[in-house]
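The values are calculated or read from the model by the stated rules, or taken from the named source; none is laboratory data. The structure presented is a predicted model; accordingly, all values stated were derived computationally and were not measured. All Cβ positions, even for glycine, are placed from backbone atoms using ideal geometry, and neighbour counts span all protein chains on display. Heads up: the accessible areas ignore ligands, DNA and RNA and are worked out on the full protein's heavy atoms, side chains in. Shrake-Rupley method; radii C 1.70, N 1.55, O 1.52, S 1.80 Å.
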Amino acid sequence: MIGVDERGYYGSFGGAFIPEMLHPNVEELKENYEAIMASPEFQAEFRGLLKDYVGRPTPLYFASRLSEKYGAKVYLKREDLCHTGAHKVNNTIGQIILAKKLGKKRIIAETGAGQHGVATATVCALMGMECTVYMGELDIQRQRPNVERMRILGAQVIPATSGSKTLKDATNEAMRAWINNPVDTHYIIGSVVGPHPYPEMVARFQSVISEEIKWQLKEKEGRENPDLVIACVGGGSNAAGAFFHYYNTPEVRLIAAEAGGLGVESGKTAATTAKGTPGILHGSKTILMQTEDGQVVEPHSISAGLDYPGIGPVHAHLFEVGRAEFVAVEDEDAMKSGIELSRLEGIIPAIESAHALYALNMIEYKKDDVIVINLSGRGDKDLETYIKWGGY
Amino acid sequence: MNRIHTLFNTKKERVLSIYFTAGFPNLEDTVPIMEAIEAGGADIIEIGVPYSDPVADGPTIQDSNQIALQNGMSMNKLFEQLVGFRAKVHLPVVLMGYLNPIMQYGMEAFCKKCKEVGVDGLILPDLPMQEYLDEYKALFDSYGLVNTFLISPQTSEKRIREIDGNTDGFIYMVSSHSITGAKSGISEEQINYFERVREMNLKNPRLIGFGISNSETFTTASNYSNGAIIGSAFIKVLKNSENLKEDVQSYIQSVIN
């Protein structure tokens, strides 16, 4: 069985390796999140906002020209059509309702590309809560439009100037901010990473993705289970959501597309399972890219959303037990797939999601297999990168 | 007997622990700084093992970690430097480090090395108590290493009692809910917390850390506990120093006198 145990572990990965100063906060969450999430009031509010505010259910779209090209029945789960442009908002809606129920007044978050930051700033505006987003100084320069989006929404964006000045450092800064303000503040982590219960909590909020795939596929194909589900993995929140209800259905193959960057052996990669080893990152035991001496290595990906040196503990476990197949998609190939989808289906995908699309070229499948690709976000935010790349 | 136990058996008041990051400001400064701390009159030496992602530390210590790593500090290097230090330094020595570099070195190999070179205790801020009890306590005990836990103003009385029951060195009281070096001065709210914990009559001595920088804050902290830990303020002294030996000694003198 794939799933979290009482100690917060998925197999040998997970746990809560946090400074004692955070123990009361994390304990408070752990003690309460399941009961709150199970309550009818929470469910009514969560489901209501997902429907009317986020725009769920998102379509499960049969991509006929893509299908023809690849000789399979390819469906796209259109998370790109969510409000704010990506799946990230499923989680922030859930966590902000939870934060309110816990009586919190302020929200902090980390962001890499800015998608989770925007999704957090959005729900804070919606709920009238104070919002501070930590973002690497380098990412602030690279993702200007999302920085301004957060500011328009009323959030304060604070640059993380330590270390490599990217997502991992923004996460460190958000954790430090939480240590400094433990009582009235809730930290909305954006992926299935961090100390238990975050990975499980975020996965459950994102699990609406595979919940919908099941009934939508039943309507279209007469069966709930596709042959394959493909999703990209940075920290892995969209993949966790797309895999969640299939974890324990072994006939459904789960494909995780990591960012190969300039190549797995180039030293410029974010392919964590290929280059990483077990260790501790941001409060959980997982697989991460590190030196022999245990210092965290800076990853590289053309896609800021996959530019993370670790993966969520559930993915480390899926990898360890061989439940999911991991492929490393290089920058150039992801960009080509982004253009391909644009030309074949009229959908410009986020570069993160383009990694999942390219995986079709790297795996074996049978003719007429039903394949669901989680199209986690749209490409608007990546226009600059597409333009710079220029290969269209 | 472990030097930490010997210390607290004979000294109950105004115990001063000094933290510095190994490999900062220069790679080979580790043992000279330890000697200067001892000569200056402090009671415990806390050596920080540098890490790329020190989440419980503020900007001053983060910077020192980064510089130490750039200087080439590593676990192997640190243990090389520490071979033979007991001929020169007699104070209790505690290693403070995040779990990941230690795990990569190997927990048992790490404990063995600590014992070989003469380290007395550990402070591992991201090692939770339950994990320690389940996985590591027996190992630490077998190498005679005292493990120190942190508590903060948010730590419940029940948990403080559990921590007190599971350690026999000292308890590191984080003075505010704060990362290192974040605040200066001591507030009334903090005093209330110090008093509350003092009145719990714990079996372990307590040292107050975070926000202690000079004679005044050291004395205030010592009035409510067995002493204090200075980190960020000491790193600043090292950073601005042109003569480490002299500056370290005179700084420590200025704190304890």
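Across the cross-link table entries A:268/B:239; A:285/B:112; A:77/A:367; A:218/A:367; A:268/B:112, which are compared at the Cα atoms, the separations over 27 Å belong to A:268/B:239; A:268/B:112. When the Gaussian network model of chain A links Cα atoms closer than 10 Å, the mean-square fluctuations of A:159, A:19, A:57 top out at A:19. Within the full protein context, the accessible area of residue A:331 is estimated at about 10 Å² for a probe radius of 1.4 Å. On a per residue basis, segment B:13-256 carries 36 Å² of accessible surface, using protein heavy atoms and a 1.4 Å probe.
Rounded to the nearest 500, the 222 nm mean residue ellipticity of chain A from helices alone is -12000 deg cm²/dmol, with -39,500 (n - 2.57) taken per DSSP H run of at least 4 residues.
Using only protein heavy atoms and a 1.4 angstrom probe, determine the accessible area buried between B and A, summed over both sides, in Å² to the nearest 100. Mind dumping the intermediate values first?
Details: alone 11110 and 14790 Å², together 23060 Å².
Counting both chains, the buried surface is close to 2800 Å².
Label point 7 Å out from residue A:277 along Cα-to-Cβ: which residues of segment B:102-136 have amide N under 17 Å? So the set is B:102-111. Per-residue Karplus couplings for segment B:125-141, computed as 6.51 cos²θ - 1.76 cosθ + 1.60 with θ equal to phi - 60°, are listed in order as x, 9, 9, x, 4, 5, 4, 4, 5, 6, 10, 10, 4, 4, 5, 4, 4 Hz, Gly and Pro entered as x. When a/c reaches 1.5 or more, the comparison of a/b and b/c decides; with that in mind, is chain A rounded, prolate or oblate per its Cα gyration tensor? Verdict is rounded for chain A.
Computing the accessible area with a 1.4 Å probe over protein heavy atoms, can you report the carbon and sulfur percentage for chain B?
Numbers: 4490 of 9730 Å².
About 46 percent, which is the carbon plus sulfur part of the accessible surface.
Could you tell me which of rounded, prolate or oblate describes segment A:1-136, using a ≥ b ≥ c as the square roots of the eigenvalues of the alpha-carbon gyration tensor, with rounded for a/c under 1.5 and, failing that, prolate when a/b is larger than b/c and oblate otherwise? Verdict is prolate for segment A:1-136.
Of all lysines in the structure, those lying under 27 Å Cα to Cα from residue A:101, and not within fewer than 8 positions of it along the same chain, are A:30, A:51, A:88, B:158.
Among the residues of B:50-63, the average count of other protein chain beta-carbon atoms within 10 Å of the residue beta-carbon is 6. Of the accessible area of segment A:144-233, computed with a 1.4 Å probe over protein heavy atoms only, carbon and sulfur atoms account for 49 percent. Place a label point 7 angstrom from the Cα of residue B:216 along the Cα-to-Cβ direction, then list the residues of segment B:224-257 whose backbone nitrogen is under 14 Å away. Zone members listed by number: B:255.
Need one number: % antiparallel among DSSP beta bridges in the protein assembly as shown, to the nearest 5. Could you put the intermediate results ahead of the total?
Details: 16 of 79 bridges.
Counting DSSP beta bridges with both partners in the protein assembly as shown, the antiparallel share is about 20 percent.
Would you please classify the overall shape of segment B:13-256 from the alpha carbon gyration tensor, given that a ≥ b ≥ c denote the square roots of the eigenvalues, rounded means a/c under 1.5, and beyond that prolate means a/b larger than b/c while oblate covers the rest? Write down the numbers at each step before the final one.
Values: a/c = 1.56, a/b = 1.11, b/c = 1.41.
Since a/c reaches 1.5 but b/c is at least a/b, the shape of segment B:13-256 is classed as oblate.
Roughly how crowded by other chains is peptide A:229-242, in terms of the mean Cβ count from those chains within 10 Å of each of its Cβ atoms?
Numbers: counts 0, 0, 0, 0, 0, 0, 0, 0, 0, 0, 0, 0, 0, 0.
The shielding value for this peptide is 0.
Taking the C-alpha atoms only, the angle from helix A:88-101 to the longest principal axis of chain A is near 30 degrees. The simple spin-label model puts a point 7 Å past each Cα toward its Cβ; for residue B:63 and residue A:27 those points are separated by 3.5 nm.
In chain B, the DSSP-assigned H stretches of four residues or longer account for a calculated mean residue ellipticity at 222 nm of -13000 deg cm²/dmol, using -39500 (n - 2.57) per stretch and the full residue count as denominator. What's the center-to-center distance, using Cα atoms, between segment A:315-352 and segment B:58-72 in Å? Answer, in whole Å: 36. The trypsin sites (Lys or Arg not before Pro) of segment A:301-370 that meet both conditions, a loop assignment by DSSP and at most 13 other Cβ atoms within 10 Å of the site Cβ, are A:366, A:367.
Over the whole of B:156-164, what's the average partner chain Cβ count within 10 Å per residue? Rounded to a whole number, please.
Details: counts 3, 0, 0, 4, 0, 0, 0, 1, 0.
What the average comes to for B:156-164 is 1.
Extending 7 Å from Cα along the Cβ direction at residue B:200 and again at residue A:383 yields two label points whose distance is 5.6 nm. The residues of segment A:160-182 occluded by other protein chains by 50 Å² or more of accessible area, set against the chain on its own, are A:176, A:180; surface from heavy atoms, 1.4 Å probe. Projecting label points 7 angstrom from Cα along Cα→Cβ for residue A:34 and residue B:236 puts them 4.7 nm apart.
Residue-wise HN-Hα couplings along segment A:207-217, as the Karplus relation 6.51 cos²θ - 1.76 cosθ + 1.60 with θ = phi - 60° gives them from phi, are 5, 4, 4, 6, 4, 6, 3, 4, 6, 5, 5 Hz; Gly and Pro carry x.
In segment A:328-392, which GluC sites (Glu not before Pro) are in a loop and have at most 11 other Cβ atoms within 10 Å, using DSSP for the loop call?
Values: sites: A:330, A:332, A:340, A:345, A:352, A:364, A:384; in loops: A:364.
Answer in residue order: A:364.
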